[in-house]
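The values are calculated or read from the model by the stated rules, or taken from the named source; none is laboratory data. For clarity, every value in this text was computed on a predicted model and none was experimentally measured. Note that each Cβ is placed from the backbone with ideal geometry, even for glycine, and that neighbours are counted across all protein chains shown.
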Amino acid sequence: MARWPVVRRRRRFLAVAALAVSVIVVVPVVDPPPSSAAAATVAADSFTRALSGSWGSAVTGGPWTTEGSTAPYSVDGTAGLMVLDTPGANRAAALPATVALEVDVAFEVALDRAPTGSSVWAYGEARRTASGSYRLKVRLAPNGGVYLQASRVVGTTESPLGSEVAVSGLSHLSGAVRVRGQITGTAPTSLRLRAWRTGASEPADWPLSATDSTAALQTSGAIGLRAYASRSLTNAPITTRFDELLAVDVAAAGPPSPPPSTTIATDAFERTTATGWGTADKGGPWSIIGSSSQYRVDGTTGVMSLSAAGTGRAAWLPGTVPRDTSMAATVSVDRIPNGSSIWAYLEARRSSSSAAYRLKLRIGPDAGAYLRVSRVMAGSETNLAAEVRLTGVTVTPGLRLRVRGEASGADPTTLRARGWVDGQVEPGTWAISVSDATASLQGTAPVGLSSYLSSGATNPPISMRFDDLEVTDLDQTSAVLVGAGDIGVCGSTADESTAALLDGIAGTIFTAGDNAYPSGTPSQFQDCYGPSWGRHLSRTRPASGNHEYDTPGATGYFGYFGALAGDPAKGWYAYDLGAWRIRVLNSNCAQIGGCGAGSAQQAWLESDIAAYPASCSAAVWHQARFSSGAHGDQAVVAPLWNALYAAGTEVVIAGHDHDYERFAPMDATGAIDPTQGIRSFVVGTGGVGLRPFATVRAGSEVRDASTQGVLRLTLRDDGYDWSFIPIPGRTFTDNGSGTCH
């Protein structure tokens, strides 16, 4: 089977107010995972307390100790602060009760301003003892550059382990940066580091690798955080803010699941099916139009049989819902058409059979190969650029042609196409480049492959053959939030099916409550949630549901998720994702002292809104404010909704009802408000059995009670796209876009 060049993805970056870096240190081991992921957590801290002159005690890991004067250290309810008040200032905090040899450490760090004159460093420390430590270092330069280095410290002497490495194309002035490092083994210990923009997919390569066998560091030690200002810094003081610490002993926890790739669909068609196309290698099952007998896979290609002139075939992947897409496929025919042409289409943003962008290859009766780009709306096709012939190409039966196309951006969308003979060098320029701003094609939607035999063709049947499909998500600017509620049920396979969807989607995972049925006990989290969604624990931001509180204090939930779930006495927290502020609220109002005016949660919410007036924001909780499901509207959360509406929140996600429902933007009274209203989703489709709708509520736009799946939000700096992705075997989808207020 012929292979193709790797798609080269453009890197773009998002401007945000804060300068932020997330650092991850991961150590893979070969031991199997334990029965409880939470059991391996050695340190966790979300810094929701308020202290001056101290960092107090972590949620998990015991009390913090600090170096030097206590004045530069504080906790402001959202982060642990280290003030670098002079050039050369060096601050450090450690958790001496945390002892591990091989660790997975994650934390977030932000600067209150860009450094001038020279750089600021943020360190994660591992194997920290009285003898020294290993340091995993991120240097943030005045020009925005991000640089990686590993070092060892023995006594008071720090020694670099290899040269500093610049992360190509990455700027900390343009948004958050995520760094991952690995520390594994002893004598030697191996250290590796890589970095990428938060919200983008993790790169496969490791820019920095080093080994070290220093005897004093081949033993277990504590976890620490450190910040340092260069002696040449000219704009001190700079405050370094640390947040969301999570340290896991991976020797106990086992290896983390690998991050998803930006390649969202591939198919080499190496299976055999007599009818239909079956399931792609990546991207889920193929859906088709018309009789399945006109489609087959012969072990080398996906075949569409065009049995008569004027007939068309179409196959698409409902589980692929990018907006910015690179598509490539190999195309061949078993005979050259007589009388007229045969067409192969790569379809992007295919919201229906009558709405898509088409990147088209035409094979004419003259054996020429031609490229064209078009849009289809309401069944009417419009060519967007003049047709271009592939120079020097004469098509013969079985000749494999490679076609690549892109659909990227919005308002307008840029559409590009090029083609060449498979096996030859891919052209470096686009044969066609054109833009289009048709409103209904500016959001996310599936990709597909289609074919058509012109009505003037005189020699049917002709078989169109596709091979070596690759679909890549080009959008590395937007963050992704994906998930569902009402998830883990022992004895059911639906939660594994939805977890398998997450395996192929990069981004942050939300849960909308009722994570482990029936009562959220520790064993139910281990046995009913852990084997499926639990493999994505490190990138999950959960919300609690009413079933969690069937166990007093929701101890199963808070014990399983640890610091990821916030303070166990509260269950609410917030985080930044790209340019968005995401607020996770606790709708179990009776369990936490209420949700109304004067309640602790309401006060926190109003304070967070004031402190983080992001132009785009979303909220996640369990019990839906508005719903057509069996539970109906939940007035108990009205105060939360009202505060979010007043703040201009864009999206609220809930579960509770076991169905999928999307509402029009609504105001505080439940009336449709297209200008300032909150668009809400009920996504109780994570794995539990579904239930029929009751009375349809005003404002409900889309409903489905027969399909489990996940909701994917692509969060841009000025808006969002949504896509409901069904589990294999189901075809319901829902796609669209919105703008920030």
Item to check | Index of the failed condition, Ile289 passing every other in (1) under 28 Å from Ser354 (Cβ atoms); (2) modelled with pLDDT under 90 | outcome: (2)
Item to check | Filtered residues of segment 715-731 (kept if surrounded by fewer than 18 Cβ atoms within 10 Å (Cβ to Cβ) and under 15 Å from Phe681 (Cβ atoms)) | outcome: none
Next on the checklist: If Thr493 meets every condition in (1) among the hydroxyl-bearing types (Ser, Thr, Tyr); (2) modelled with pLDDT under 95; (3) surrounded by fewer than 21 Cβ atoms within 10 Å (Cβ to Cβ); (4) touching a helix residue (DSSP H, G or I) at 6+ places or on another chain (Cβ under 8 Å) apart from one, which number is that one?
Outcome noted: (4)
Item to check | Criterion: in contact with a Leu (Cβ under 7 Å, 6 or more places away or on another chain) and surrounded by 23 or more Cβ atoms within 10 Å (Cβ to Cβ) - qualifying residue of Ala565, Ala554, Ala579 | outcome: Ala579
Next on the checklist: Scan segment 669-679 and tell me whether some residue there is touching a residue at least 40 places away in the same chain (Cβ under 8 Å) and within 30 Å of Val489 (Cβ to Cβ).
Outcome noted: yes
Next on the checklist: I'd like to check something: does segment 468-476 contain any residue that is within 25 Å of Val620 (Cα to Cα) and either outside any strand (DSSP E or B) or modelled with pLDDT under 95 (or both)?
Outcome noted: yes
Next on the checklist: Just checking, does segment 663-674 include any residue being under 29 Å from the mean Cα position of the chain (by Cα), in a strand (DSSP E or B) and farther than 23 Å from Ala516 by Cβ?
Outcome noted: yes
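Yes/no per residue for (1) over 31 Å from the mean Cα position of the chain (by Cα); (2) surrounded by 16 or more Cβ atoms within 10 Å (Cβ to Cβ):
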{"position": "Ala268", "(1), (2)": "no, yes"}
{"position": "Ser292", "(1), (2)": "yes, no"}
{"position": "Val303", "(1), (2)": "yes, yes"}
{"position": "Leu306", "(1), (2)": "yes, yes"}
{"position": "Thr311", "(1), (2)": "yes, yes"}
{"position": "Leu317", "(1), (2)": "no, yes"}
{"position": "Val331", "(1), (2)": "yes, yes"}
{"position": "Trp343", "(1), (2)": "yes, yes"}
{"position": "Glu347", "(1), (2)": "no, yes"}
Item to check | Filter pass, Ile653 being in contact with a strand residue (DSSP E or B) (Cβ under 7 Å, 6 or more places away or on another chain), closer than 26 Å to Arg350 by Cβ and touching a residue at least 24 places away in the same chain (Cβ under 8 Å) | outcome: yes
Item to check | Subset tally (residues that are over 16 Å from Gly221 (Cβ atoms), crowded, with 17+ Cβ neighbours inside 10 Å and either of a type in the set (A, V, I, L, M, F, W, C) or in contact with a Cys (Cβ under 7 Å, 6 or more places away or on another chain) (or both)) for segment 65-104 | outcome: 7
Checklist outcome for this item: Scanning segment 609-625 residue by residue, the ones that are under 15 Å from Tyr645 (Cβ atoms) and part of a helix (DSSP H, G or I) total 1
Item to check | Any chance Ser209 is at pLDDT below 85 and either part of a strand (DSSP E or B) or not assigned by TED's automatic domain parsing to the domain that holds Glu102 (or both) | outcome: yes
Checklist entry - What about Ala89, is it within 24 Å of Gly181 (Cα to Cα) and of a type in the set (A, V, I, L, M)? => result no
Checklist entry - Which one is nearest to the chain's Cα centre (by Cα) among residues in segment 127-177 that are part of a strand (DSSP E or B), hydroxyl-bearing (Ser, Thr, Tyr) and over 14 Å from Arg226 (Cα atoms)? => result Ser171
Item to check | Residues being more than 20 Å from Ala543 (Cα to Cα) and surrounded by fewer than 24 Cβ atoms within 10 Å (Cβ to Cβ) - total across segment 478-489 | outcome: 0
Checklist outcome for this item: Quick count over segment 133-146, residues being crowded, with 21+ Cβ neighbours inside 10 Å and not charged (D, E, K, R), is 6
Checklist entry - Which of (1) modelled with pLDDT under 95; (2) not acidic (Asp, Glu); (3) not in a strand (DSSP E or B) is the odd one out, the single condition Trp316 does not satisfy? => result (3)
Next on the checklist: From the list Ser519, Ser544, Ser455, exactly one residue is in the same structural domain as Lys570 (by TED's automatic domain parsing), among the hydroxyl-bearing types (Ser, Thr, Tyr) and surrounded by fewer than 24 Cβ atoms within 10 Å (Cβ to Cβ). Which is it?
Outcome noted: Ser519
Item to check | Test for Trp604: is it touching a residue at least 12 places away in the same chain (Cβ under 8 Å) and either within 20 Å of Phe681 (Cα to Cα) or buried (at least 22 other Cβ atoms within 10 Å of the Cβ) (or both) | outcome: no
Next on the checklist: Go through segment 109-132 and report how many residues are surrounded by fewer than 21 Cβ atoms within 10 Å (Cβ to Cβ) and out of contact with any Lys or Arg (no Cβ under 6 Å at 6 or more places or on another chain).
Outcome noted: 10
Next on the checklist: Just checking, does segment 420-433 include any residue being modelled with pLDDT under 95 and of a type in the set (Ser, Thr, Tyr)?
Outcome noted: yes
Checklist outcome for this item: Of (1) crowded, with 24+ Cβ neighbours inside 10 Å; (2) farther than 26 Å from Thr739 by Cα; (3) modelled with pLDDT of 90 or more; (4) touching an Asp or Glu at 6+ places or on another chain (Cβ under 9 Å), Asn588 fails just (1)
Next on the checklist: Step by step: first the residues of segment 219-266, then only those that are at negative phi, in a loop (DSSP other than H, G, I, E, B) and at pLDDT below 90, then the one that is surrounded by the fewest Cβ atoms within 10 Å (Cβ to Cβ). Which residue is that?
Outcome noted: Pro258
Item to check | The lone exception for Leu605 - which of (1) under 24 Å from Glu244 (Cβ atoms); (2) in a strand (DSSP E or B) it fails | outcome: (2)
Checklist outcome for this item: For strands (runs of 3 or more DSSP E) lying entirely in segment 363-408, having 2 or more residues that are in contact (Cβ under 8 Å) with a residue 60 or more places away in the chain picks out 369-377, 401-408
Item to check | Glu158, sole failed condition from (1) farther than 19 Å from Met82 by Cβ; (2) surrounded by fewer than 16 Cβ atoms within 10 Å (Cβ to Cβ) | outcome: (1)
Checklist entry - What number of residues within segment 107-124 are more than 27 Å from the chain's Cα centre (by Cα) and either closer than 21 Å to Gly221 by Cβ or not assigned by TED's automatic domain parsing to the domain that holds Thr156 (or both)? => result 1
Checklist entry - Limited to segment 137-167, what total is found for residues that are of a type in the set (Ser, Thr, Tyr) and without any contact (Cβ under 8 Å) to a residue 12 or more places away in the chain? => result 3
Checklist outcome for this item: Over segment 544-594, the set of residues in contact with a Pro (Cβ under 7 Å, 6 or more places away or on another chain) and part of a loop (DSSP other than H, G, I, E, B) is His547
Next on the checklist: One residue is enough: does segment 511-533 have a residue meeting the conditions assigned to a strand (DSSP E or B) and either modelled with pLDDT of 95 or more or touching a Gly at 6+ places or on another chain (Cβ under 7 Å) (or both)?
Outcome noted: yes
